[in-house]
Amino acid sequence: ETGVTQSPTHLIKTRGQQVTLRCSSQSGHNTVSWYQQALGQGPQFIFQYYREEENGRGNFPPRFSGLQFPNYSSELNVNALELDDSALYLCASSGQLPPLEQYFGPGTRLTVT
Amino acid sequence: SQELEQSPQSLIVQEGKNLTINCTSSKTLYGLYWYKQKYGEGLIFLMMLQKGGEEKSHEKITAKLDEKKQQSSLHITASQPSHAGIYLCGALGYNFNKFYFGSGTKLNVKP
């Protein structure tokens, strides 16, 4: 049990729709990262937030956006969903930069039809 | 960008046997992280290595980072069915604001 929770667990959306995924970090962790993991692959870094500001981004288009809130929760928003967005979305929190350890949530499984 | 290559991609071993998983980086690593993932679930942190030549152990799992900090190995001694899962190596980008994962090694342990 890492103390990092994600909601919802599963989600089915239609191509073109928008989706918001949520993550609640461990208390006191001021850094949260989001990852996309397609079936059979390693997680791909989407972006990282530190003290409510985006401070790092992977190779994902602008339709992937995020927010981090002062209460250690965060959101991942994806607009104009595409079929290839179907994946497991993971968030991870850490208490420092650079992280000695990242604590991962259980993930949200997104299916786009 | 950082690239991490893991080998083998998959591994099936008999319970009780030893095994090694390798992770090779295209660049010198700030730190190398090992995670375990059960199918479709979140990642569990195993170990982090920072110094060249460093070695860490936890229960029956030992991880090493080579002197040049570009290769790491994860060794499991006397494997058990509970060791089954996907093992992922990860590394920070040089600005510490990106994180990269290898593609994973799928381990099955036959009782």
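The values are calculated or read from the model by the stated rules, or taken from the named source; none is laboratory data. Just so it is clear, the model here is predicted, and its values are computed rather than measured. Glycine also receives a Cβ, built like all others from the backbone with ideal geometry; neighbour counts cover every protein chain displayed.
Side notes on the structure shown:
- Number of the exception - B:Ile61 against (1) without any contact (Cβ under 8 Å) to a residue 60 or more places away in the chain; (2) within 14 Å of chain A (Cβ to nearest Cβ); (3) within 13 Å of the chain's Cα centre (by Cα): (2)
- No other residue among B:Lys98, B:Lys68 is on the phi < 0 side of the Ramachandran plot, surrounded by 18 or more Cβ atoms within 10 Å (Cβ to Cβ) and either out of contact with any Lys or Arg (no Cβ under 6 Å at 6 or more places or on another chain) or of a type in the set (Phe, Trp, Tyr) (or both) apart from B:Lys98.
- Test result for B:Glu55, within 15 Å of the chain's Cα centre (by Cα) and acidic (Asp, Glu): yes
- Residue match in the range A:59-76 (condition: of a type in the set (Lys, Arg), more than 13 Å from every other protein chain (Cβ to nearest Cβ), touching a strand residue (DSSP E or B) at 6+ places or on another chain (Cβ under 7 Å) and under 14 Å from A:Gly105 (Cβ atoms)): no
- Candidates B:Leu74, B:Leu29, B:Leu88 - the one that is part of a loop (DSSP other than H, G, I, E, B) and of a type in the set (A, V, I, L, M): B:Leu29
- Only residues that are modelled with pLDDT of 90 or more, in contact with an Asp or Glu (Cβ under 8 Å, 6 or more places away or on another chain) and over 16 Å from B:Gly104 (Cβ atoms) were counted in the range B:11-48, giving 1.
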